[in-house]
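Undergrad: Right, I'll just put the structure down here and ask away after.
The values are calculated or read from the model by the stated rules, or taken from the named source; none is laboratory data. Keep in mind that what you see is a predicted model, and the values were worked out from it rather than measured. For neighbour counting, all protein chains shown are included, and Cβ atoms are generated from backbone atoms with ideal geometry for every residue, glycine included. Note: accessible area is taken over every heavy atom of the protein model, side chains too, but ligands, DNA and RNA are not part of it. Shrake-Rupley method; radii C 1.70, N 1.55, O 1.52, S 1.80 Å.
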Amino acid sequence: MARFLLLPEDELALIAHLLEAESLTRLAHDDLAYGPPVVGLPAAPLPLPDTPQPFTFWVPALGELRTRDGRSLLDRERSPILTWQRSSWHPSGALRPGRLTAQARPRKDQPKALLRVHEGVERWMKREGTKLNPFDHAPDDPPLERPEHERPFAVFALPHAGRWVREGGSIWPWDG
């Protein structure tokens, strides 16, 4: 599963791609009591959070949204959704990578059609981004010990985040 660095301007490009090219629907929240709470492209870039926050996208071509236990809350295990877990700020000032996921259940149990959509979006994000080793751009404080195998920690920085890193921004190598 790939990890990505996006600044707010990069997120606008991602959301536009998901809504337009992929024909997904962005949900405002998980309460489906009055139908899917649909929102579109933000009018302006949204500031990055200090803790990871999700944006949820419904893949209507793959089926209806499901609720948990007959209630009105979105069932993240059975609904055809993708979730963008936003990049966020670490207390060190470094940028934590974000992650694109599909359903909240083991990958082997997810519908193949949904995984194809997920993989297609990840391919697009990788094409738009630059692959970076976060340990080459980690903050000096606190000092970080490099793992023996760094390849699994690679991130793809979309254009604005990539420029930010080239200009001296730092990457927190872990998601949390």
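Undergrad: Can you name the residue in segment 21-50 that is aliphatic (A, V, I, L, M) and either touching a Cys at 6+ places or on another chain (Cβ under 9 Å) or within 16 Å of Pro80 (Cβ to Cβ) (or both) and, of all such residues, is surrounded by the fewest Cβ atoms within 10 Å (Cβ to Cβ)?
TA: Val38
Undergrad: Restricting to segment 10-20, and then to whatever is of a type outside the set (D, E, K, R) and in contact with a Gly (Cβ under 9 Å, 6 or more places away or on another chain), can you tell me which residue is most open to solvent (accessible area, probe 1.4 Å)?
TA: Per the criteria, the residue is Leu19.
Undergrad: Just one of the numbered conditions (1) open to solvent by less than 70 Å² (accessible area, probe 1.4 Å); (2) of a type in the set (Lys, Arg); (3) in contact with a helix residue (DSSP H, G or I) (Cβ under 6 Å, 6 or more places away or on another chain) is not true of Arg146; which one?
TA: Tallying (1) open to solvent by less than 70 Å² (accessible area, probe 1.4 Å); (2) of a type in the set (Lys, Arg); (3) in contact with a helix residue (DSSP H, G or I) (Cβ under 6 Å, 6 or more places away or on another chain), Arg146 fails exactly one: (1).
Undergrad: Something else now. Among the residues of segment 10-52, count how many are under 21 Å from Gly120 (Cα atoms) and touching a residue at least 40 places away in the same chain (Cβ under 8 Å).
TA: The qualifying residues number 11.
Undergrad: Still on this structure, I have one more. How about segment 70-176: which strands (runs of 3 or more DSSP E) wholly inside it have at least 2 residues that are among the aliphatic types (A, V, I, L, M)?
TA: It comes to 81-85, 155-157.
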